[in-house]
Amino acid sequence: MFQKVTKELKKNKVLKAGIGYTIGNYFLKGLGFITVPIFSRLMAVSDYGIYNTFLSYEGMLYLFIGLALHSSIKNAKYKYGDERLDSFTSSITIFPLIISCIALIMGNLFLPVINKFLSIGRVEYNLLIILCLCSSLLYVYQSRLVLEYNSKSYMKMSYFNALSSVAMSIILMLTLFKDQKYLGRICGSVIPMSILAVWILYSLYSKARPKRNKEYWKFALKISLPIIPHGVGQIILSSFDRVMITNYIGSTAAGLYSFAYTIYSIILVAGDSISTVYEPWAYEQFAEKRYDIVRKRSTIYIVLLAVVCSGTMLIAPELVRILGSQKYVDAIPAVTPILGAGFFAMAYNIPSTVEYYYGKTSFIAVGTVLAAVLNVTTNAIFIPQYGYLAAAYTTLGSYMVYFIFHCIIAHRIIGQNIFSIKVLLTTVAGVSVIGVISLYYQNNYVVRYSFAAAVVVVVLVWLKKGALADFGFNVGIGKRS
């Protein structure tokens with residue numbers, strides 16, 4: 001059977017790319033976990049705070065520097081074809097280059113005004129704009145690689161950026177920036193990204209010179225501009241609850257809540273990796289109106305997400321104790337609802353793919369903003385009354401509404417459900433039951449592990465009946481239904 005799996009893997013570019021992204025992203029995530037104690041010891045608490053604040057600014061500002069133009073590339077492939085895609089990609093890179101130049105000039109002229117809002121120095125501001133530009137170009141190029149299922153080049157770039165950033169940051173903090181270690185960490189992040197950005201521009205422009213093309217620009221902006229409020233809303237959904245917990249309760253409670261989110265980040269890597277290859281594959285099917293195939297495999301996608309989330313819920317108490325310590329055990333009750341929210345957050349990628357393909361990105365922005373407003377409002381009501389744990393449940397409710405909204409929109413666009421509603425409801429019910437069991441028996445690992453074993457058995461039976469074959473991975477373990 002192993003030989004059959006290996007043979008099929010070589011033929012199936014989607015599955016091969018998905019496995020490549022997953023393994024690579026877990027390596028990068030593991031590198032992140034390993035380097036946290038290194039940098040926390042090299043840097044003072046204030047330096048560590050300055051650097052993370054710098055990254056928070058970058059996470060939001062890059063949307064305005066790059067205008068989320070990378071989100072238009074998949075659509076451009078099906079509108080203009082492969083023969084014009086190089087020209088399209090080169091053309092849209094003009095925007096972040098011009099905007100970043102304007103931001104550098106205006107920012108340095110009016111830095112005192114900007115400093116009132118961002119509390120950032122001139123050097124840090126310039127590095128911030130450069131990093132935003134580099135991030136925008138990196139996302140554009142990675143979007144091209146994803147379309148080609150080129151996981152090898154994608155991960156090579158990611159490895160270079162991650163490893164060189166760590167190495168250069170440590171060297172700079174120990175040599176040139178002994179007294180300003182936050183600046184050494186920032187420079188260590190910006191320099192490798194700048195090298196990548198120069199290489200990306202060379203690679204793109206050697207294939208097609210950037211030209212002023214109003215048709216390309218109009219098409220790209222129509223797709224990408226609504227993504228900006230979506231991106232801001234995503235940041236609010238994923239991060240603003242921690243700000244509110246700090247303001248209402250204190251930093252200790254925010255720390256516990258943040259650690260609970262760390263457990264979710266472990267499975268988010270797998271979800272993002274699957275989504276990375278699912279989206280271009282789904283675009284290919286939508287182009288041929290193969291909605292039945294998308295429906296079948298999207299249903300399997302939902303079930304796989306549910307299994308991963310449920311399994312993680314059942315072993316969450318042990319994960320908290322292993323990754324943290326005894327002082328983090330109070331975060332255990334928050335992990336289950338956060339994982340539940342994560343299930344809906346990752347499942348959202350399925351209906352949103354319909355919206356992206358058909359250019360209905362304004363609906364994506366509306367859905368995200370509505371969910372963000374709901375999250376902030378319910379947090380303001382319940383956190384003061386019930387503590388930081390309330391934020392976990394308001395996040396769960398917000399992401400559930402978020403998912404339902406996009407399912408409705410996707411149905412309106414293509415006139416049918418993107419997955420089996422019966423299976424979806426059964427899956428949600430199953431995750432809910434597992435969640436209750438995980439909470440009620442959080443101190444009884446025998447019961448939890450018994451249910452975990454049962455989940456494994458159910459999955460194996462399901463696979464034996466041909467679920468993998470339905471996903472395009474026919475290894476002879478069962479009949480195709």
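The values are calculated or read from the model by the stated rules, or taken from the named source; none is laboratory data. It should be emphasised that the depicted structure is a prediction, and the values quoted were computed from it without experimental measurement. Here the Cβ is made from the backbone with ideal geometry for all residues, glycine too, and neighbour counts use every protein chain on show.
Residue by residue, here is whether (1) basic (Lys, Arg); (2) free of Cβ contacts under 8 Å to residues at least 12 places away in the same chain holds:
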| site | (1), (2) |
| --- | --- |
| Arg84 | yes, yes |
| Ile105 | no, yes |
| Ile114 | no, yes |
| Ile129 | no, no |
| Leu138 | no, no |
| Arg144 | yes, no |
**Message:** Here are the criteria: (1) under 29 Å from Ile274 (Cβ atoms); (2) of a type outside the set (Val, Ile, Thr); (3) crowded, with 21+ Cβ neighbours inside 10 Å. Tell me which single one Leu128 does not satisfy.
**Reply:** (1)
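Residue-by-condition table, conditions (1) among the hydroxyl-bearing types (Ser, Thr, Tyr); (2) surrounded by 19 or more Cβ atoms within 10 Å (Cβ to Cβ); (3) in a helix (DSSP H, G or I):
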site	(1), (2), (3)
Phe219	no, yes, yes
Leu237	no, yes, yes
Ala254	no, yes, yes
Phe259	no, yes, yes
Lys289	no, no, no
Ser298	yes, yes, yes
**Request:** Taking the options Leu172, Leu176, name whichever one is in contact (Cβ under 8 Å) with a residue 12 or more places away in the chain and assigned by TED's automatic domain parsing to the domain that holds Thr35.
**Result:** Leu172
**Prompt:** With Val329, Val308, Val366, Val354 as the choices, which residue is buried (at least 23 other Cβ atoms within 10 Å of the Cβ) and either in contact (Cβ under 8 Å) with a residue 40 or more places away in the chain or not assigned by TED's automatic domain parsing to the domain that holds Ala76 (or both)?
**Reply:** Val354
**Prompt:** Across region 169-178, what is the total count of residues that are exposed (fewer than 13 other Cβ atoms within 10 Å of the Cβ) and more than 20 Å from Tyr125 (Cβ to Cβ)?
**Reply:** 3
**Qualifying residue in region 76-93 (condition: closer than 18 Å to Gly66 by Cβ and surrounded by fewer than 14 Cβ atoms within 10 Å (Cβ to Cβ))** = no
**Message:** So if I check each of Ala253, Ala282, which one is in the same structural domain as Thr394 (by TED's automatic domain parsing) and closer than 30 Å to Ile73 by Cβ?
**Reply:** Ala282
**Prompt:** Does Tyr291 qualify as being at pLDDT below 90 and over 30 Å from Tyr149 (Cβ atoms)?
**Reply:** no
**Residues located in region 309-345, provided they are aromatic (Phe, Trp, Tyr) and either within 23 Å of the chain's Cα centre (by Cα) or closer than 9 Å to Ile263 by Cβ (or both)** = Phe343, Phe344
**Request:** Could you please find all residues in region 440-458 being surrounded by 14 or more Cβ atoms within 10 Å (Cβ to Cβ) and not in a helix (DSSP H, G or I)?
**Result:** Tyr441, Gln442
